[in-house]
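Just below is one structure, and these are the notes that go with it.
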Amino acid sequence: MGETILIVDDENDIVDMLKDYFQYNGYCVLTAGGGAEAVEKAGKRPDLILLDINMPDLDGLQVCAQIRNFVSCPILFLTARIEDSDKIKGFGMGGDDYIVKPFSLEELGARVAAHLRREQRQKTAHEVKFGPDLAIDYLERCLYVKGKAVALAKKEFDIIELLSQHAGQVFDKERIYERVWGYDSEGDSSVVAEHIRRIRMKLGKAGLDSCVETVWGVGYKWVK
């Protein structure tokens with residue numbers, strides 16, 4: 001299967017039509033019949049979302065505002081009519097494009113493909129592979145082992161980002177703490193060792209030897 005598209009609309013006929021069209025063209029399709037269900041389905045990390053604006057529970061603009069906290073994929077609004085002021089509001093909430101109903105399936109398919117190509121170019125530019133099994137997407141702040149995402153806390157990813165972008169360079173705990181937590185943070189550098197322990201544990205569970213090496217008496221480094 002190709003990329004995953006989430007289709008959100010409270011009109012079943014439209015959902016069925018779009019589902020059939022995109023599945024026929026090789027996409028994996030998720031569907032939602034309302035705003036609340038859309039928020040839930042967005043957690044499945046689709047590659048693109050087609051989002052109807054006029055829905056009875058949560059409208060599309062409200063859904064977009066909620067999911068933009070954890071979703072970075074393109075969001076294309078579906079709407080029967082749209083004023084310029086509404087477009088500005090939607091773009092401000094994180095929307096990427098508007099599709100006005102009624103629309104041509106061929107045009108919609110072309111717009112979807114264009115957004116996905118652009119997204120893929122951006123991901124490629126920000127994704128760095130460290131050998132065959134490990135990749136880090138600095139834009140999405142996600143680490144992948146053998147193609148599967150590894151759940152990391154914010155500070156854990158911050159440490160990985162710092163070390164991996166300076167591979168081979170040794171950082172002592174104090175410098176890592178200053179760079180990740182900030183110079184004015186309350187606490188001490190002992191927390192760094194615990195975070196690195198958790199990073200190693202998570203990478204190990206994912207089937208990867210840790211890329212963070214301890215340089216005894218000095219600090220830590222990312223293995224080239």
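Confirm whether residue 146 is free of Cβ contacts under 8 Å to residues at least 12 places away in the same chain, within 20 Å of the chain's Cα centre (by Cα) and loosely packed, with under 14 Cβ neighbours inside 10 Å.
No; evaluated as a whole, the condition is false for this residue.
What residue, among those in the stretch 176-202 that are farther than 15 Å from residue 154 by Cα and either touching a helix residue (DSSP H, G or I) at 6+ places or on another chain (Cβ under 9 Å) or among the aromatic types (Phe, Trp, Tyr) (or both), is modelled with the lowest pLDDT?
Once the filter is applied, the top-ranked residue is 185.
Please work out which one of (1) open to solvent by less than 40 Å² (accessible area, probe 1.4 Å); (2) in contact with a His (Cβ under 7 Å, 6 or more places away or on another chain); (3) at pLDDT 90 or above is the condition residue 137 fails and give its number.
Unmet for residue 137, out of (1) open to solvent by less than 40 Å² (accessible area, probe 1.4 Å); (2) in contact with a His (Cβ under 7 Å, 6 or more places away or on another chain); (3) at pLDDT 90 or above: (3).
Which of (1) over 20 Å from residue 23 (Cβ atoms); (2) out of contact with any strand residue (DSSP E or B) (no Cβ under 7 Å at 6 or more places or on another chain); (3) not acidic (Asp, Glu) is the odd one out, the single condition residue 94 does not satisfy?
Exception for residue 94: condition (2).
The values are calculated or read from the model by the stated rules, or taken from the named source; none is laboratory data. None of the values given here were measured: they were computed from a predicted structure. A quick note on method: Cβ atoms are made from the backbone with ideal geometry, for glycine too, and the neighbour counts reach across all protein chains shown. Side chains included, ligands, DNA and RNA excluded: accessible areas come from the protein's heavy atoms. Shrake-Rupley method; radii C 1.70, N 1.55, O 1.52, S 1.80 Å.
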